[in-house]
Amino acid sequence: MVTSLFLSLLLLSVGAYYLGRKRAFTVANGHIRNLHSLPSFYGSYTALWCLLPALSIFALWVTFQQGFIIDLVVAGMPPELRNLPPDQLNLVVNDLKNLVSGNFVSSAPDPAMLAAADHYRHLRTLGHTALWVTVLSLGILGVVHAWRAISPNLRARNRVEQVVNVFLIASSTIAIFTTLGIVLSVVFESIIFFQKVPISEFLFGLQWSPQTALRADQTGSSGAFGSVPLFAGTLLISGIAMVIAVPIGLMSALFLSEYATPKFRAVAKPALEVLAGIPTVVYGFFAALTVAPFIREIGTSMGLHVASESALAAGLVMGIMIIPFVSSLSDDVINAVPQSMRDGSYALGATKSETIKRVLLPAALPGIVGSILLAVSRAIGETMIVVMAAGLSANLTANPLEAVTTVTVQIVTLLTGDQEFDSPKTLAAFALGLMLFVVTLILNIIALQVVRKYREQYE
Amino acid sequence: MSTTIIEVKASLDHNLANPETRQSALSSAQITDYDHRQTVGKITVDNPKMICRNVNVYYAEKQAIKHVSLDIGANEVIAFIGPSGCGKSTVLRCLNRMNDTIPICRVTGEIRLESEDIYDKKIDVVQLRARVGMVFQKPNPFPKSIYENVAYGPRIHGMVNGKAEMDELVRASLERAGLLKEVDKRMNEPGTSLSGGQQQRLCIARAIAVNPEVILMDEPCSALDPIATAKIEELIDELRENYTIVIVTHSMQQAARVSQRTAYFHLGDLIEIGETDQIFTNPRHKLTEDYITGRFG
């Protein structure tokens, strides 16, 4: 119903485009040079006049139609229904909607309800007809307006570009508003959480045990929401990952940018970037099923106690995963160091490795630091590998051979399955998410600042 | 060392055998003079620092330099002039093997520094570049402090013992480059904070610091304003006392002002070489005359 109206409107606008174009030719007496803009702009101008007003009315109508009709139906109901308290009235309206759409209703429909349903259907049909008429006539009116406005002096090109401009602005703000929406939703839930659990306990508590008793007679702990063990676990695993990723990534970047032949580079660089394309789930079971038992075996043979899910296994695999982040970005910044720097160093009798150590790395350092910080925020936010390989026990330990848990893992466990959204246990996930968001945001801002500073140096 | 004039035969036969080359040569206005591409003038000097004989440079298959032979005298300033793309910078970069950094570049012939063949396999190119320093077209100070820029070379070559000696060497090099007075109080500021002319003098100080025998300058003033240019030219004249200087320049006035000998290159050939005064007042080759009178280039 709504779709077919939309399609008709689109069809109309296509027609409007050709009409506008033809009109432009006519007013120009067949010579395009008499026109301010190219004929296609007059076509687009007409099409936009056809589409935009009609579409906005269309959108408004679709948004408000149902509420309006229900108000009318309620107004037409017998007084004993109409004067019910709001929550009961709500139930009646729901029944009514179900009745209209042919779903099951809560009780056998009484005549008043049936009459209301008929009223509703009648109004809805009327509404749809009115919508068709309004939208299509608005579209035609728009075309007529544009048709009459078209003259050789009409600046159709500028008008069309203004509209395009508005579209571009709207598109770019969607991402911003989405971020804002996410932040706000997390913040509101967190505020509720902090009303139940003091913020100081959350930030500085050393105990994480989110199980709470739902009923008074239930056995269960009262819950402890100290996030320190989680952040410590996150830090430990990210630290291990960076110990792997930074040296390997940096050295492969140096090799690729300074030593490798172009042929080798053309093969090796994409191959390295394939690592970034492997789904993290695959990394996860690689860590859990291959790396973790391997580490455990080695550890046991050396007489060490290794947990079957260790921070080391998760950290190692995560390190491998973020190698391409470090290497690819570092490779780019090292390549961006001007050739004249290398020439200057070689001309003083420096060898390649002296040039790299003393000129290239210092010059590229800000960019490299930026790439590392981006990799760190990636490591902190990584979920799948740690869910599968790091375990769930919130140990506060610096021993990489023990099982630890991370912020992301806890969020996942808190929010999977059926949840009641008023217990601190569930709300804690939002507080954790907020903290994680703030941490990675700060890291990203620092990284971008550092990278920007580096760019200014050579441009 | 022999002082006879060495005539260098241009390999014209080979060119005429190739119809494509001949056709493009025929369409060129300079065809009449182009037939004799031996170098005009005396290529040798009494006390040569560097000797180039029959040097050819190829970029992949394309020959960029054809049979160039010339001497570079000790403690002289020799200027390489010629239109863009004539190969003067390429010859310059052969003299300290900077062309090695370009994978497709191939050099044949003989280039000697004093008596050593610098393209010999036994030569350590890193040591060679410490003896033959280079200053580039665009000032390229490292993103380090002024002090560290100058200390860079001595440090990697282990030329000094201790901080005091290094301080002394850095100050002496800056002094010789005529920059000490301007930067004395700001040694720890980044080299990039200086003006263009100061940066170029910093690059010269950096080159001097490793105590080279020859300094190659690739259009050192082309990115500078006239005042900074005048300062560098003055500096070049002073440096001649201790160093041999080869300068590539697009400015004929500059060549006339700073050099004792001038070499004119054209499309990969060394056309004419001689005393700077003679080249600019009384060129013997038609192409040289056309170039210095501004008929092309």
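Since every read-out is calculated from the coordinates, none of them should be taken as a lab result. The structure presented is a predicted model; accordingly, all values stated were derived computationally and were not measured. Glycine gets a Cβ as well: all are built from the backbone with ideal geometry, and neighbour counts include every protein chain shown.
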> Could you name the lysines in cross-link range of A:LYS425, using Cα to Cα under 29 Å and dropping any fewer than eight places away on the same chain?
Replying inline: A:LYS196
>> Give me the dipole magnitude in Debye, nearest 20, for the protein assembly as shown about the Cα centre, with unit charges on the beta carbon: positive for Lys and Arg, negative for Asp and Glu.
In response: 1620 debye
> Which semi-axes, in whole Å and largest first, does the equivalent ellipsoid of the range A:40-105 have when worked out from the alpha carbon gyration tensor as the square roots of 5 times its eigenvalues?
Replying inline: 40, 13, 8
>> Can you list residues from other chains, or at least 5 along the same chain, whose modelled amide H is less than 5 Å from the amide H of A:TRP208?
In response: A:GLY226
> So for the range A:224-458, what percent of the C-alpha to C-alpha distances run longer than 32 Å?
Replying inline: 30 percent
> Under the Karplus relation 6.51 cos²θ - 1.76 cosθ + 1.60, θ = phi - 60°, what is the ordered set of whole-Hz ³J(HN,Hα) values for the range B:207-212, x standing for Gly and Pro?
Replying inline: 5, 5, 4, 8, 6, x
> Arranged from highest to lowest average of other beta-carbon atoms within 10 Å per residue, in what order do the peptides A:238-250, A:175-187 appear?
Replying inline: A:238-250, A:175-187
> If the cut-off is 19 Å between C-alpha atoms, which lysines fall inside it for B:LYS185, apart from same-chain ones fewer than 8 positions away?
Replying inline: B:LYS144, B:LYS163
> If we sort A:82-93, B:235-246, A:200-211 on the protection proxy, mean other Cβ atoms within 10 Å, highest first, what's the order?
Replying inline: B:235-246, A:200-211, A:82-93
>> Could you give the length gained by full extension between A:VAL166 and A:PHE188, i.e. 0.36 nm per residue of separation minus their alpha carbon distance, to one decimal place?
In response: 4.8 nm
> To the nearest 10 degrees, how steeply does helix B:162-176 sit against the main Cα axis of chain B, on a 0 to 90 scale?
Replying inline: 50 degrees
> Tilt of helix A:262-277 relative to the longest C-alpha principal axis of chain A, in degrees (0 to 90, nearest 10)?
Replying inline: 70 degrees
> Residues of B:208-217, mean number of Cβ from any other protein chain within 10 Å of their own Cβ, rounded to a whole number?
Replying inline: 1
>> 5 Å is the cut-off here: which amide hydrogens, built 1.01 Å from N in the peptide plane, fall below it relative to B:SER145, excluding neighbours closer than 5 in sequence?
In response: B:GLY191
> Across peptide A:356-364, how many C-beta atoms of other chains are within 10 Å of each residue C-beta, on average?
Replying inline: 2
> How would you order B:281-293, B:79-91 from highest to lowest mean count of nearby Cβ atoms within 10 Å?
Replying inline: B:79-91, B:281-293
> Across the range A:124-132, in residue order, what do the Karplus-derived ³J(HN,Hα) couplings come to in whole Hz, using 6.51 cos²θ - 1.76 cosθ + 1.60 with θ = phi - 60° and x for Gly and Pro?
Replying inline: 5, 4, 4, x, 5, 4, 4, 4, 3
> Between the range B:93-148 and the range A:282-351, what's the alpha-carbon centroid distance in Å?
Replying inline: 37 Å
> So how far, in whole Å, is the C-alpha centre of the range A:420-447 from the one of the range B:149-166?
Replying inline: 52 Å
> Computed FRET efficiency, Cβ-Cβ of A:ARG155 and B:GLU110, R0 51 Å: what is it to the nearest 0.05?
Replying inline: 0.10
> To the nearest 0.05, how large is the calculated FRET efficiency for A:LEU448 and A:LEU361 if R₀ is 30 Å and r is the Cβ-Cβ distance?
Replying inline: 0.90
>> With the cut-off at 20 Å, tell me which of the pairs A:LYS352/A:LYS453; B:LYS66/B:LYS121; B:LYS66/B:LYS88; A:LYS269/B:LYS62; B:LYS42/B:LYS66 have Cα atoms farther apart than that.
In response: A:LYS352/A:LYS453; B:LYS66/B:LYS121; A:LYS269/B:LYS62
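So between A:ALA268 and A:GLU80, what do we pick up on full extension, going 0.36 nm a residue minus the alpha carbon distance?
59.8 nm
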>> In whole Hz and in residue order, list the ³J(HN,Hα) couplings for the range A:29-44 that follow from phi through the Karplus curve 6.51 cos²θ - 1.76 cosθ + 1.60, θ = phi - 60°; x for Gly and Pro.
In response: 6, x, 10, 4, 5, 6, 8, 5, 10, 5, x, 4, 5, 5, x, 4
> Taking every residue in B:132-138, how many Cβ atoms of other protein chains lie within 10 Å of its Cβ, on average?
Replying inline: 3
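By the gyration tensor of its Cα atoms, with a ≥ b ≥ c the square roots of the eigenvalues, what is the shape of the protein assembly as shown: rounded for a/c under 1.5, prolate for a/b over b/c, or oblate?
oblate
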> What is the set of long-range amide H partners of B:THR39 at a cut-off below 5 Å, with H atoms built 1.01 Å from backbone N?
Replying inline: B:VAL8
> Based on the Cβ-Cβ distance of A:LEU7 and A:LEU89, what FRET efficiency does E = 1/(1 + (r/R0)^6) give at R0 = 41 Å, to the nearest 0.05?
Replying inline: 0.65
